[in-house]
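Chemist: Let me give you the structure first, and then I'll get to my questions.
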């Protein structure tokens, strides 16, 4: 076993324990979910039992994660830089945990459209937080003010539009895979 193998082994054991504790599960609870004995699980966590692939797969499923996430070592890519879209005044970050998701920072200066026919609906889900100023979220028949440090989350199948109120505002939006497809930088509509 190389030093790197030992580091990975230790990391996986710590991750199993941390995930178990984060769920608030005892050894008995996780062992029951994984169909292994609590003593086996204890020996896996404290390094007294060899890590077996079949047990890792079972433990990953029991903790509602994947084997890849359980053994990933990506420590080099903790920090990422945004892609800049000057035309739409947006910064976009990809989300490594789910390559289909995106985070977009945008400065808005215009109010939302007055014409309901300009509201968009599409598959997906969006989440946004107002970093500064006040945003107005038109959501179906509702008009919602979202102020600095407030957040909104909504299914994008509801017709929606976002704009600024009383001056510029900056928002940070998180888009799932389906919503992101509708908000590509080339989209004609500048509001997420």
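Chemist: Which ordering of 139, 30 is given by a fewest-first count of other beta-carbon atoms within 10 Å?
Modeler: 139, 30
Chemist: OK, next. Order these by the 10 Å Cβ neighbour count, fewest first: 175, 154.
Modeler: 154, 175
Chemist: With r as the distance between the Cβ atoms of residue 91 and residue 132 and R0 = 25 Å, compute the FRET efficiency 1/(1 + (r/R0)^6) and round to 0.05.
Modeler: 0.95
Chemist: Another question about this same structure. Just want to confirm a number: the relative contact order over region 3-71, from Cα pairs under 8 angstrom separated by 6+ residues, in percent.
Modeler: 35 percent
Chemist: Test of understanding: ordering 90, 43, 20 by Cβ neighbours within 10 Å, fewest first, what list do you get?
Modeler: So the residues, fewest neighbours to most, are 43, 90, 20.
Chemist: For residue 64 and residue 115 in the same chain, what is the full-extension length gain: residue separation times 0.36 nm, less their Cα-Cα distance, in nm?
Modeler: Answer, rounded to one decimal: 13.9 nm.
Chemist: Calculate how large, on average over all directions, the projected area of the Cα convex hull of region 3-71 is; give the answer in nm² to one decimal.
Modeler: Orientation-averaged projected area of the Cα hull: 4.0 nm².
Chemist: Here is a further query. Report D for region 83-181 in µm² per second (integer): Stokes-Einstein, Kirkwood Rh on Cα pairs, 4 °C, 1.567 mPa s.
Modeler: Calculated translational D: 95 µm²/s.
Read the figures in this text as sums done on the coordinates, not as results from a lab. What you are looking at is a predicted structure, and each value in this text was computed from that prediction instead of being measured. Reconstructed Cβ throughout: ideal geometry from the backbone, glycine too, with neighbour counts over all protein chains shown.
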